1. Could you give the angle, 0 to 90 degrees to the nearest 10, between helix 293-314's Cα long axis and the longest principal axis of the Cα atoms of the chain?
2. Between the alpha-carbon centers of segment 322-379 and segment 236-265, tell me the distance in whole angstrom.
3. Once the convex hull of the C-alpha atoms of segment 213-326 is built, how many Å³ does it hold per residue, rounded to a whole number?
4. Based on the mean of other Cβ atoms within 10 Å per residue, sort peptides 35-43, 23-31, 360-368 so the most packed one is first.
5. Of the peptides 151-159, 405-413, 68-76, how do they stack up when ordered by the mean number of other Cβ atoms within 10 Å, highest first?
6. Per 0.36 nm of contour for each residue apart, how much would the distance between residue 251 and residue 305 grow if the chain were fully extended, relative to their Cα-Cα spacing?
7. Please determine, in degrees from 0 to 90 and to the nearest 10, the orientation of helix 8-19 with respect to the longest principal axis defined by the Cα atoms of the chain, where the helix direction is its Cα long axis.
8. Describe numerically, in nm with one decimal, the distance between label points set 7 Å from Cα along Cα→Cβ at residue 322 and at residue 72.
Amino acid sequence: MTGQSIDAARLLGRIRTLGEIGQDADGRLIRLAASDTEKLGRDRFVAWIEGAGLQVAVDRIGNIFGIWKPDSVTDNAPLMLGSHIDTVIGAGIYDGCYGTLSGLEVIETLRAEGLTPSRPIVVAAFTNEEGVRYAPDMMGSLVYAGGLDVDTALATIGTDGTILGDELERIGYAGEHQPGFPRPHAYIELHIEQGPVLEREGIRLGAVEHLQGISWQKVVITGDANHAGTTPISMRRDAGHAAARVVTFLRDRAQASNTPTVATVGCMRFEPDVINVIPSRATFTVDLRDPDEERLREEEAALATLLDRLSAEEQVGVSVERLARFEPVKFDQNIVRLIEEAARERGLACRRMTSGAGHDAQMIARIAPSAMIFVPSIGGISHNPKEYTDDEDLVAGANILLDVVRRLATEGLPA
């Protein structure tokens, strides 16, 4: 399966160059979807695509595609590689960008080899994977896979009051192609693990066979504002206390379980937000994840039961809004096996694993055989400037992607 290797200096140089785009005065990397800084990142990525001699295409939701289709190729269903280049606030330089730039690097390497693929090979950068400025996350790939209407997505209002469609138009990335073009034959995403497992076990590569289901909800609890010193505890309708009970309930429940369930309250806001006033309103988010759909539903039901009980016990109002809901994904086992074979042939330790984070691959898996490759994250840190993966591991992961793509581009998916 193995042939030549990718150009390590070119890949690593591009990762670092892109990582400098979007840094603010304090050195924080901020490249939110459809922002001015993301435009600069997009422009750089498109320049690299064009420099590689690939065709550039952009669809209506702003997804960018670099297409290699030799004249001899008659099958239009491409082998697709990619990820995203938008970031969270205060990001590291690898999340998403590593997979997108590695996809481009693989295509350039195969072209230099003189390979004649049996189908086009495409690198994709999907819009708004992080979901920081516009919800939901993984929006570009979700629209691409048909899970969200494009016009609905374009009308999304951001946290800053902007409208996504207007912003894509403003930065020059409101494309003409309908989402779903080009429809892939298969999809592979290379990514940093964003967790501690590979580093802890001393393993170089992960062949990702599952991806956790994700449930995002926003909860609003309403009580009465009152004086913090004169109101007896027994007479309070304290929205803050009720919210705190939810936080501890979720943590205690997950900690007591022998399953991989995780629960997080990532955002919380009290009103009136005054030190000597009992909170009249608490607004917070709940993030539930589990690789098993039945267990995920059980956690959602447990939360709903708790909120009903809190409403009665604390005499507060409770409302819940679902922000996002994605079922667990099982990736294509044939591609997973090819990843393992490629690792063995290069003498690299590899283990099968489940991804705890959401990725564009889980959306593309709805319409095409898909899988992911992980490389270690030092300390398991991600969404943080301290996010780091050794250069040797970055290059190793890209070479495994190269080998798998070479195999699929010439032989197709195993029967």
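The values are calculated or read from the model by the stated rules, or taken from the named source; none is laboratory data. Keep in mind the model is a prediction, meaning the values are calculated, not measured. Glycine gets a Cβ as well: all are built from the backbone with ideal geometry, and neighbour counts include every protein chain shown. Calculation scope for accessible area: heavy atoms of the full protein, side chains included, ligands and nucleic acids excluded. Shrake-Rupley method; radii C 1.70, N 1.55, O 1.52, S 1.80 Å.
1. 20 degrees
2. Distance between centres, Cα-based: 30 Å.
3. 92 Å³
4. Packing order, densest peptide first, comes out as 360-368, 35-43, 23-31.
5. 405-413, 151-159, 68-76
6. The residue 251-residue 305 span can extend by a further 17.9 nm.
7. Roughly 30 degrees, rounded to the nearest 10.
8. 5.0 nm
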